[in-house]
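Quick notes on the structure that follows.
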2 protein chains.
Amino acid sequence: MDNRAIGVFDSGLGGLTAVKQLMRELPHEDIIYFGDTGRVPYGTRSVDTIIKYVEGDIRFLKTFDIKIIVVACGTASAVALPVIGSSIGLPAVGVLDAASKAAVKVTKNKKIGIIGTPSTIASKAYGTKIRSLMADVGIYSAACPLFVPLVENGHTSSEVVRLVAQEYLGDLKDSGIDTLILGCTHYPLLKGVISGIMGNDVALIDVGEQTAKRVGEFLCENGLMSERTGKGSCRYFVSDTTENFEKLGSLFLQQRIEGLVNKVDIEKY
Amino acid sequence: MDNRAIGVFDSGLGGLTAVKQLMRELPHEDIIYFGDTGRVPYGTRSVDTIIKYVEGDIRFLKTFDIKIIVVACGTASAVALPVIGSSIGLPAVGVLDAASKAAVKVTKNKKIGIIGTPSTIASKAYGTKIRSLMADVGIYSAACPLFVPLVENGHTSSEVVRLVAQEYLGDLKDSGIDTLILGCTHYPLLKGVISGIMGNDVALIDVGEQTAKRVGEFLCENGLMSERTGKGSCRYFVSDTTENFEKLGSLFLQQRIEGLVNKVDIEKY
């Protein structure tokens with residue numbers, strides 16, 4: 001048994017879709033969340049810069065008494081975790097591993113699609129992971145650079161987001177995939193638009209949901225669950241001001257977080 | 001006469017539209033450009049964070065032998081310059097002053113519109129400046145949060161950008177303005193779409209163009225022009241990797257800049 005907290009980070013708000021699932025799966029655990037809102041987005045930056053930012057984010061989380069790091073950012077998970085994972089000094093679960101395992105379980109025709117930020121798709125990390133889990137699998141991917149700014153500006157079901165999604169998803173639709181990994185924690189908010197284009201026969205893999213399940217399994221297998229019987233606490237830290245995060249974060253989490261958010265000068269870490 | 005360089009900075013690529021005009025107006029001047037590509041965008045961040053980043057950008061530029069700072073970022077100019085301008089220790093010209101003066105000269109019906117990032121519009125800095133230059137003027141503004149990501153992803157004339165522009169510009173169109181300040185250095189790339197919606201009777205003020213003119217006037221009035229007769233040089237610095245900047249920068253500048261771009265660790269400044 002281990003009552004230390006779960007440390008979670010994301011480039012900004014998106015990781016809250018994973019926190020929401022963690023709270024559901026593991027209600028007795030304490031959570032420390034860091035959102036790098038002062039340097040978001042990660043998905044259009046270079047590998048070097050993403051790794052530098054992720055190292056700082058992890059150094060910050062490690063100032064707390066935590067037992068595991070959850071990389072709740074699709075880009076950080078695909079681009080940085082394969083490089084720095086072994087040097088973290090704590091168990092780390094990223095969305096990439098969790099989503100890849102889920103996709104391999106779900107697919108029937110062995111044709112798996114991945115959508116993500118430009119950096120995530122350029123890394124080819126999903127293809128590498130999925131091929132290590134399943135032979136003769138077809139991998140089809142598409143970068144969706146405008147999805148994050150669209151979601152962050154409230155476009156989750158507008159004509160604009162539908163047009164953009166049609167542009168991004170057209171080739172994936174034609175490829176005949178039966179499983180699509182939503183490889184960025186913002187994308188669950190676009191599920192309606194995406195499934196409208198892909199059709200009901202394509203299973204959508206929500207990385208936040210899969211990551212929360214994977215964290216639960218890991219804690220259970222390793223005897224690291226909290227022995228608390230009451231509800232765990234959640235504290236939020238961000239690198240820009242707290243106001244906007246409190247407002248938008250409540251949407252992502254579907255619960256109020258006013259007063260629970262603190263600002264941190266991440267460039268010092 | 002003063003052969004020191006002109007220091008220019010922007011949150012990323014947009015300021016290159018001002019550099020292009022500076023090269024045209026002041027061909028004998030040396031230019032040092034810094035684009036904060038590792039922390040772009042500024043226009044959706046808080047005032048505190050924007051000021052912190054701008055202070056670092058200016059400290060970096062001041063490590064060179066420069067005679068003037070050009071704030072070629074609409075957001076930095078509107079949000080940070082009014083607060084920190086007097087403490088820079090060098091003359092500083094921002095896009096806000098230059099564009100406001102131009103708009104006041106151009107308007108006939110005293111109805112001026114401004115479009116910019118959310119932070120620029122929230123600052124109300126254009127209204128304050130324009131009212132100090134002209135009595136009884138009507139100010140109409142609209143935040144355009146998706147314009148920067150759209151431009152940076154190549155959407156300069158697509159159906160998507162037209163739909164977004166119609167949403168953002170509808171009220172401005174109805175207000176009867178005869179002059180519209182494009183208050184962000186990315187927006188000149190959307191001139192076609194914007195004038196298509198606003199009509200030919202609305203004059204569009206390009207902040208980069210106006211800022212270059214204002215810098216020329218200032219150097220001339222203060223005896224600070226270079227005495228060089230040959231072409232000045234331009235060096236570029238960025239806080240993310242140079243590749244993407246070289247590629248997209250060539251589009252903004254309409255000339256090749258490969259090999260002239262260096263990376264800097266801006267968080268150290």
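The values are calculated or read from the model by the stated rules, or taken from the named source; none is laboratory data. This structure is a prediction, so every number in the text was calculated from the model and none was measured. Using ideal geometry, Cβ is built from the backbone for each residue, glycine included, and neighbour counts are taken over all protein chains shown. Ligands, DNA and RNA are excluded from the accessible area calculation, which covers all protein heavy atoms including side chains. Shrake-Rupley method; radii C 1.70, N 1.55, O 1.52, S 1.80 Å.
General observations
- Among the residues of segment A:117-161, those that are farther than 21 Å from residue B:146 by Cβ, of a type in the set (Gly, Ala, Ser) and either in contact with a His (Cβ under 7 Å, 6 or more places away or on another chain) or open to solvent by 50 Å² or more (accessible area, probe 1.4 Å) (or both) comprise A:122, A:132, A:135, A:141.
- Unique residue being small (Gly, Ala, Ser), more than 10 Å from chain A (Cβ to nearest Cβ) and touching a residue at least 40 places away in the same chain (Cβ under 8 Å) when the list is B:141, B:157, B:123, B:132: B:123
- Looking across segment A:43-63, the residues that are facing chain B (nearest Cβ under 10 Å) and assigned to a loop (DSSP other than H, G, I, E, B) come down to A:44, A:45, A:46.
- Subset of segment A:179-213 [touching a Lys or Arg at 6+ places or on another chain (Cβ under 8 Å), part of a helix (DSSP H, G or I) and farther than 16 Å from residue A:130 by Cα]: A:193, A:196, A:197, A:198, A:208, A:212
- Contacts under 7 angstrom Cβ, first residue in segment A:255-269 being over 16 Å from residue A:62 (Cα atoms) and free of Cβ contacts under 8 Å to residues at least 24 places away in the same chain, partner open to solvent by less than 60 Å² (accessible area, probe 1.4 Å) and not in a strand (DSSP E or B), 6 or more apart: A:256/A:250; A:257/A:246; A:257/A:249; A:257/A:250; A:258/A:246
- Which listed residue is under 17 Å from residue B:7 (Cα atoms) and more than 14 Å from chain A (Cβ to nearest Cβ), from B:173, B:191, B:213: B:213
- Residue within segment B:215-228 that is surrounded by 14 or more Cβ atoms within 10 Å (Cβ to Cβ), touching a Pro at 6+ places or on another chain (Cβ under 7 Å) and not in a helix (DSSP H, G or I) present: no
- Residue satisfying condition, being under 21 Å from residue A:267 (Cβ atoms), of a type in the set (A, V, I, L, M) and open to solvent by 40 Å² or more (accessible area, probe 1.4 Å), within set B:83, B:40, B:54: B:83
- Residue within segment A:23-33 that is at negative phi and under 12 Å from the mean Cα position of the chain (by Cα) present: no
- Positions within segment A:229-242 being open to solvent by 30 Å² or more (accessible area, probe 1.4 Å) and either among the hydrophobic types (A, V, I, L, M, F, W, C) or away from chain B (no Cβ under 14 Å) (or both), in sequence order: A:229, A:230, A:231, A:233, A:235
- Among the residues listed as B:19, B:8, B:40, the single one being in a strand (DSSP E or B) and under 16 Å from the mean Cα position of the chain (by Cα): B:8
- Considering residues of segment B:103-116 that are assigned to a helix (DSSP H, G or I) and touching a residue at least 40 places away in the same chain (Cβ under 8 Å) only, the residue surrounded by the most Cβ atoms within 10 Å (Cβ to Cβ): B:103
- Evaluation of residue B:245 against the conditions (1) under 23 Å from residue B:189 (Cβ atoms); (2) of a type in the set (Phe, Trp, Tyr); (3) more than 14 Å from chain A (Cβ to nearest Cβ); (4) in contact with a strand residue (DSSP E or B) (Cβ under 9 Å, 6 or more places away or on another chain) shows that the sole unmet condition is (3).
- Take the conditions (1) touching a residue at least 40 places away in the same chain (Cβ under 8 Å); (2) surrounded by fewer than 22 Cβ atoms within 10 Å (Cβ to Cβ); residue A:181 misses just one of them, which is (2).
- Check on residue B:164, within 13 Å of chain A (Cβ to nearest Cβ), surrounded by 16 or more Cβ atoms within 10 Å (Cβ to Cβ) and at pLDDT below 95: no
- Residue within segment A:248-261 that is part of a strand (DSSP E or B), in contact with a strand residue (DSSP E or B) (Cβ under 8 Å, 6 or more places away or on another chain) and assigned by TED's automatic domain parsing to the domain that holds residue A:53 present: yes
- In segment A:248-263, of all residues being within 20 Å of the chain's Cα centre (by Cα) and open to solvent by 90 Å² or more (accessible area, probe 1.4 Å), the one that is farthest from the other protein chains (Cβ to nearest Cβ) corresponds to A:254.
- Of the residues making up segment A:64-71, not a single one is more than 30 Å from residue B:153 (Cα to Cα), open to solvent by 10 Å² or more (accessible area, probe 1.4 Å) and within 14 Å of chain B (Cβ to nearest Cβ).
- Odd one out for residue B:205 among (1) open to solvent by 30 Å² or more (accessible area, probe 1.4 Å); (2) at pLDDT 95 or above: (1)
- Qualifying residue in segment A:96-103 (condition: more than 15 Å from residue A:181 (Cβ to Cβ), at pLDDT 95 or above and away from chain B (no Cβ under 14 Å)): no
- Candidate set from segment B:12-37 (those that are open to solvent by less than 10 Å² (accessible area, probe 1.4 Å) and out of contact with any Gly (no Cβ under 6 Å at 6 or more places or on another chain)); member that is farthest from the other protein chains (Cβ to nearest Cβ): B:22
- Scanning segment B:86-102 for residues that are outside any loop (DSSP other than H, G, I, E, B) and out of contact with any helix residue (DSSP H, G or I) (no Cβ under 6 Å at 6 or more places or on another chain), we see that the one that is surrounded by the most Cβ atoms within 10 Å (Cβ to Cβ) is B:97.
- Being part of a loop (DSSP other than H, G, I, E, B), over 20 Å from the mean Cα position of the chain (by Cα), outside the structural domain of residue A:12 (by TED's automatic domain parsing) and surrounded by fewer than 18 Cβ atoms within 10 Å (Cβ to Cβ) is a description that applies to residue A:176.
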